Amino acid sequence: MLGWVITCHDDKAQDMLHRLETKHGPLVQCQAVSFWRGLSSNMLSRMMCHALHATDSGEGVIFLTDMAGAAPYRVASLMSHKHPQCEVISGITYPLLERMLSSRESMSSAAFRDSIVALGGPEVSSLWHQQQKNPPFVLKHDLYEY
């Protein structure tokens with residue numbers, strides 16, 4: 001099963017998780033991380049690292065963030081490069097999470113990423129999709145003889 005780390009500004013992440021659990025019961029491998037005004041990036045990173053390890057069963061973890069480019073998205077993006085099968089999604093909403101809930105058990109992280117972006121419309125994207133638009137810069141070294 002894919003782990004979920006819902007991470008948003010203020011109490012939005014906790015609210016979404018609470019609503020999901022109220023309707024569907026306790027969700028295993030799912031945690032909320034709130035980014036409050038004044039919280040340092042270092043503390044946010046520690047909180048998200050803890051959530052990543054608490055939700056990872058080896059099948060992958062999906063970071064679900066509210067806004068691309070904001071602190072939760074940036075921290076999740078850095079963490080995803082160090083962990084296999086880790087995806088970062090931006091622009092999430094409660095109805096979208098509810099629609100994707102059952103997919104946690106049957107999809108790979110890449111399939112989940114593609115499916116949630118397709119269902120979410122233009123406001124939902126992923127780190128992977130953004131990187132396809134703007135591939136990372138690769139420095140090619142010339143070999144010099146000294």
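In table form, for the structure just shown:
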{"item": "Aspartates and glutamates with Cα under 19 Å of K23, excluding same-chain neighbours fewer than 8 positions away", "result": "D11, D15, E98, E105"}
{"item": "Cut-off under 5 Å, modelled amide H: who pairs with G60 long-range", "result": "G3"}
{"item": "In order through segment 73-83: 3J(HN,Hα) via Karplus (6.51 cos²θ - 1.76 cosθ + 1.60), integer Hz, x for Gly, Pro", "result": "5, 5, 5, 4, 4, 5, 5, 5, 5, 9, 10"}
{"item": "Helical contribution to [θ] at 222 nm, DSSP H n ≥ 4, -39,500 (n - 2.57), averaged over the chain, rounded to 500", "result": "-13000 deg cm²/dmol"}
{"item": "Lys, Arg +1 and Asp, Glu -1 on Cβ, resulting dipole of the chain about Cα centre, debye, nearest 20", "result": "160 debye"}
{"item": "Within the chain, longest stretch clear of exposed trypsin sites (Lys or Arg not before Pro) (DSSP loop, no more than 11 other Cβ within 10 Å)", "result": "83-139"}
{"item": "Reachable lysines from K133, criterion Cα separation under 29 angstrom, eight or more residues apart if same chain", "result": "K12, K82"}
{"item": "Segment 18-84, accessible area per residue, ligands and nucleic acids excluded (1.4 Å, Å²)", "result": "57 Å²"}
{"item": "Max mean-square fluctuation residue, GNM over the chain, Cα-Cα springs under 10 Å, options L127, L101, L39", "result": "L39"}
{"item": "Inter-label distance for Q14 and S41, nm, one decimal - labels placed 7 Å from Cα along Cα-to-Cβ", "result": "2.5 nm"}
{"item": "Percentage relative contact order, the chain, counting C-alpha pairs under 8 Å, at least six apart", "result": "24 percent"}
{"item": "Segment M1-S103, length gained on full extension (0.36 nm per residue, minus Cα span)", "result": "35.8 nm"}
{"item": "Accessible-area ranking of F63, F35, largest first, probe 1.4 Å", "result": "F35, F63"}
{"item": "Area accessible to solvent at T65, 1.4 Å probe radius, in Å²", "result": "0 Å²"}
{"item": "Antiparallel bridges, percent of DSSP beta bridges restricted to the chain (to nearest 5)", "result": "10 percent"}
{"item": "The chain: equivalent-ellipsoid semi-axes (sqrt of 5 x gyration tensor eigenvalues, Cα, Å)", "result": "28, 18, 15"}
{"item": "Pairwise centroid distance, computed over Cα atoms, of segment 11-47 with segment 75-116, Å", "result": "15 Å"}
{"item": "Per-pair calculated FRET efficiency, R0 = 30 Å: Q131 and H24 via Cβ, rounded to 0.05", "result": "0.40"}
{"item": "Highest-fluctuation residue, C30, C49, C86 considered, GNM on the chain with Cα pairs under 10 Å", "result": "C49"}
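The values are calculated or read from the model by the stated rules, or taken from the named source; none is laboratory data. As the structure is a computational prediction, the values presented were derived from the model and not from experiment. For neighbour counting, all protein chains shown are included, and Cβ atoms are generated from backbone atoms with ideal geometry for every residue, glycine included. Protein only, heavy atoms only, side chains kept; ligands, DNA and RNA dropped before computing areas. Shrake-Rupley method; radii C 1.70, N 1.55, O 1.52, S 1.80 Å.
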